[in-house]
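Visitor: Before I ask anything, let me first share the structure, which is written out below as structure tokens.
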Amino acid sequence: VTRSPEGDRDADARRLSAASYAERDPTGWFDQLYAEAEHGTAVVPWDRGEPNPLLVEWAAGRDGSGSKAVVVGCGLGRDCEYLARLGYATTGFDLSATAIRLAAQRHPGSPVRYEVADLLEPPENYLAGFDLVVESYTVQSVPDPVRGELIAAVPRLVAPGGTLLVIAARGSEHAVAGPPFPLDEDEIGRFAASGLQTVRIEPLVDAEGTPRWRAEFVRP
Ligand SMILES: C[S@@+](CC[C@H](N)C(=O)[O-])C[C@H]1O[C@@H](n2cnc3c(N)ncnc32)[C@H](O)[C@@H]1O
């Protein structure tokens, strides 16, 4: 296995996802990617060593003390650690056991609870369990039909009075050879299901020039 050429950070994700999709397994490649990265034979494109700048811009200055936050598909924990620094009692969960092991290893002594869990079969205590739910880049990493199920599942984690923040690539799934597969306007609006209300849906362009959605919803 060769390393990605400089400049194409998504090459390993595409290589492994293509093999996974061919076996009708849209998510099996995540764990393989983390495992290869651990051995230095692949690049995890979203492993930037810093929290998502669009999350930081939104959350900076907030006091999370006394509030519970969860990061959906937390990967290596970059956003979890940031929320914990703001004072949130933070849980990060991911389908990939390797990601969760590496996230915990990377942040020794972290107060974050790193847990292996599937958004589509969440533990009972996750349901309506969090004052802040952050979904950043998970839905965009999975194609239809599973992504539709993910969109429906995320709002179920928001407690009464709680907030959901979604950060995702903006565009059309069918316009690109993903992953990532951008979300269209209909898809980003669909997070306002199961009783959530839309606060704002922002079409943005991030610092790298990528069109993004940042969308905020609340459960009254
Ligand atoms: C593109 S990565 C983004 C990781 C992280 N949010 C970040 O921005 O660094 C998507 C993550 O979602 C996880 N994932 C995919 N489907 C999932 C599911 N059904 N339940 C939990 N995690 C899932 C993958 O294992 C992967 O770590």
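Visitor: Taking the chain as a Gaussian network, where each spring joins two C-alpha atoms under 10 Å apart, which residue of A103, A11, A177 fluctuates the most?
Guide: With Cα springs under 10 Å in the chain, the top fluctuation among A103, A11, A177 is at A177.
Visitor: Could you give the length gained on full extension between S172 and E50, defined as 0.36 nm per residue of separation minus the Cα-Cα distance, in nm?
Guide: Full extension of this stretch gives 41.2 nm more.
Visitor: Report, for the chain, the % of DSSP beta bridges that are antiparallel, rounded to 5.
Guide: Taking every DSSP beta bridge within the chain, about 45 percent pair in antiparallel fashion.
Visitor: Gain in length, A159 to V146, computed as 0.36 nm per residue apart minus the alpha-carbon separation, to one decimal in nm?
Guide: 2.3 nm
Visitor: Give the Rg (one decimal place) followed by the Dmax (whole number) of the chain, computed from C-alpha coordinates and expressed in Å.
Guide: Gyration radius and largest Cα-Cα distance of the chain: 16.4, 50 Å.
Visitor: A follow-up question, please. Using each residue's phi in the range 29-43, evaluate 6.51 cos²θ - 1.76 cosθ + 1.60 at θ = phi - 60° and report the 3J(HN,Hα) Karplus result to the nearest Hz, with x for Gly and Pro.
Guide: Coupling constants for the range 29-43: 5, 4, 5, 4, 5, 4, 5, 5, 4, 4, 8, x, 10, 8, 10 Hz.
Visitor: Apply 1/(1 + (r/R0)^6) to the Cβ-Cβ distance of D63 and D206, taking R0 = 30 Å, and write down the FRET efficiency to the nearest 0.05.
Guide: Efficiency for this residue pair is about 0.70.
Visitor: Sticking with this one: Treating the beta-carbon of each Lys and Arg as +1 and of each Asp and Glu as -1, no other charges, what is the dipole magnitude of the chain about its Cα centre, to the nearest 20 debye?
Guide: The calculated dipole for the chain is roughly 440 debye.
Visitor: When the chain is fully extended, how far beyond the present Cα-Cα distance does V116 get from R190, taking 0.36 nm per residue of separation?
Guide: 24.1 nm
Readers should treat all values here as calculations from the given coordinates under stated rules, not as data from a laboratory. Because the structure is a prediction, the values reported are computed rather than measured. Here Cβ is always computed from backbone atoms with ideal geometry, including for glycine, and neighbour counts include all displayed protein chains.
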